[in-house]
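Peer 1: I'd like to ask you about the structure that follows.
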Amino acid sequence: MSLFTSEDRGRLLFVLLAFGALALYPLVAGSYGLDLVTKIMIYAIVALSLELLVGGTGLVCFGQAAFFGIGAYAAVRLSPEGDSAALWWLLPASVLAAGLYALAVGALSLRTKGVYFIMVTLAFAQMAYYVVHDTPLGGGTDGIYLYFKPHFWQGTDLDPPLLMYGFTLACLVLTFGFLAVLLRSRFGRALAGVRVNEQRMRATGFSTYPYKLAAFTISGGLAGLAGFLFAVKDGYVNPEMLSWHLSGSLLVMIILGGIGHLRGALIGAFAYALLQELFKSEAVFGSFAKHWHLGLGLAIIVSVALLPRGLVGLPSLWRDRLVGGGRGARGKRGGGAAAGGSHG
């Protein structure tokens, strides 16, 4: 008997094709395209970290940008002023800084539920925002520059765009693979149980708090990894990286892509960023481009209204309409996603 169903093989094929296309993209991309896709891949890592909480554990966090920003600021603040830092210690240090803050925030916020949990995570994120905005620690509104990018070994740093692109892609692949394995493990099954019915888990004598706290900390650390990459790519950090606007955008990404699927986080990050670039384009929309927020908002509303399962559910929607699967088949698939969520 095969370990993978045809649906699993389809998901695996999609992921392999997506990462293969990203690996080949530099062969045809210009400098602008290379920089844009590098930025999108960084946002995809943060979206994946949030998917672990929202889709994997059922925790809607509105403060993910704080962990992203802390990872970025740690990368800049821990770097020597007159020389480049070694990548082997600066990257783990940035991830650790974000993870430790996530551990502290999670230890307190996970004692609340529902909208109270959302507001508490937002409050902690705003606290971090105002610390870097109003104190010399974060350089205030001007932000801080990273003049020397970290190096693999002496003489080889992450300054070349192509090398930065490849390193970011490697981090994205490793993050996706790590979360795919994690969510299919016993730990991931426990998180799925928390998401579906936490009260029943507790009634059977299962302690859910340590699992939620571990997931929250891992999510924060992965967001810190993305923040490190963003700081290195741009060579600059500012308080807006910790703002609630970014946390909201990350939630929109995973909703647009499809909650409950790692592929959805990837698709949502690319779709959101590309839609943003499209509506900002004066060549396409002329003077309306300065109102790009309106166009982006309308596009997202239409997408959510027509695709309640997100972009990741588009193939099954087409299949239902072409084959005529009927309500029963659709309901069965929808119920399965709600109950378990394969996270492929």
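Peer 1: List the residue pairs whose Cβ atoms are under 8 Å apart, where the first residue sits in the stretch 89-100 and is farther than 14 Å from Gly220 by Cβ, the second is buried (at least 24 other Cβ atoms within 10 Å of the Cβ) and among the aromatic types (Phe, Trp, Tyr), and the two are 6 or more positions apart or on different chains.
Peer 2: Leu90/Phe228; Leu91/Phe228
Peer 1: Now a separate question. Name every residue in the stretch 137-194 that is closer than 24 Å to Glu240 by Cα and of a type in the set (D, E, K, R), in order of residue number.
Peer 2: Correct list: Asp142, Lys149, Asp159.
Peer 1: Which pairs turn up if I take residues in the stretch 205-218 that are over 21 Å from Gly71 (Cα atoms) and look for partners that are among the small types (Gly, Ala, Ser) with beta carbon separation below 6 Å, at least 6 apart in sequence or on another chain?
Peer 2: Tyr211/Ala190
Peer 1: Would you check if Leu122 is more than 24 Å from Ile267 (Cα to Cα), open to solvent by 20 Å² or more (accessible area, probe 1.4 Å) and under 18 Å from the mean Cα position of the chain (by Cα)?
Peer 2: Spelling it out, Leu122 is indeed more than 24 Å from Ile267 (Cα to Cα), open to solvent by 20 Å² or more (accessible area, probe 1.4 Å) and under 18 Å from the mean Cα position of the chain (by Cα).
Peer 1: Answer yes or no: is there a residue in the stretch 71-86 that is closer than 30 Å to Arg184 by Cβ, open to solvent by less than 60 Å² (accessible area, probe 1.4 Å) and among the aliphatic types (A, V, I, L, M).
Peer 2: Within the stretch 71-86, none of the residues are closer than 30 Å to Arg184 by Cβ, open to solvent by less than 60 Å² (accessible area, probe 1.4 Å) and among the aliphatic types (A, V, I, L, M).
Peer 1: When the residues of the stretch 135-162 are filtered to those that are closer than 21 Å to Trp88 by Cα and open to solvent by less than 30 Å² (accessible area, probe 1.4 Å), which remaining residue is farthest from the chain's Cα centre (by Cα)?
Peer 2: Looking at residues that are closer than 21 Å to Trp88 by Cα and open to solvent by less than 30 Å² (accessible area, probe 1.4 Å), I get His151.
Peer 1: Run Tyr165 past the list (1) farther than 28 Å from Pro136 by Cα; (2) more than 19 Å from the chain's Cα centre (by Cα); (3) hydroxyl-bearing (Ser, Thr, Tyr) and report the number of the one that doesn't hold.
Peer 2: Unmet for Tyr165, out of (1) farther than 28 Å from Pro136 by Cα; (2) more than 19 Å from the chain's Cα centre (by Cα); (3) hydroxyl-bearing (Ser, Thr, Tyr): (2).
Peer 1: Restricting to the stretch 150-209, name every residue that is in contact with an Asp or Glu (Cβ under 7 Å, 6 or more places away or on another chain) and under 18 Å from Leu110 (Cβ atoms). Walk me through it before giving the result.
Peer 2: Step one: list which residues in the stretch 150-209 are in contact with an Asp or Glu (Cβ under 7 Å, 6 or more places away or on another chain), which gives 150-151, 161, 208.
Answer for the stretch 150-209, where residues must be in contact with an Asp or Glu (Cβ under 7 Å, 6 or more places away or on another chain) and under 18 Å from Leu110 (Cβ atoms): just Thr208.
Peer 1: Something else now. Among the residues of the stretch 184-212, how many are touching a Leu at 6+ places or on another chain (Cβ under 7 Å) and within 30 Å of Val37 (Cβ to Cβ)?
Peer 2: 1
Peer 1: Mind checking which pairs have a first residue in the stretch 288-302 that is closer than 17 Å to Leu250 by Cα and a second that is β-branched (Val, Ile, Thr) and assigned to a helix (DSSP H, G or I), Cβ under 8 Å, 6 or more apart or different chains?
Peer 2: As it stands, the answer is Ile300/Val252, since those pairs meet every condition given.
Peer 1: Starting from residues that are more than 27 Å from Leu34 (Cβ to Cβ) and not in a helix (DSSP H, G or I), keep the ones in the stretch 264-319 and report whichever is most open to solvent (accessible area, probe 1.4 Å).
Peer 2: Pro308
Peer 1: Continuing with this model, one more query. Please go through the stretch 141-173 and give me each residue that is over 30 Å from Val131 (Cβ atoms) and of a type outside the set (Val, Ile, Thr), ordered by number.
Peer 2: Listed by number, the residues that qualify are Phe152, Trp153, Gln154, Gly155, Pro160, Pro161, Leu162, Leu163, Tyr165, Gly166, Leu169, Ala170.
Peer 1: Taking the condition of being aromatic (Phe, Trp, Tyr) and over 26 Å from Asp234 (Cα atoms), how many residues in the stretch 89-146 meet it?
Peer 2: Residues meeting the conditions: 2.
The values are calculated or read from the model by the stated rules, or taken from the named source; none is laboratory data. Fair warning: this is a prediction, and the values are worked out from it, not measured in the lab. Positions of Cβ are generated from backbone atoms using ideal geometry, with glycine treated the same way; all protein chains shown enter the neighbour counts. Accessible surface is based on the protein model in full, side chains and every heavy atom, while ligands, DNA and RNA are left aside. Shrake-Rupley method; radii C 1.70, N 1.55, O 1.52, S 1.80 Å.
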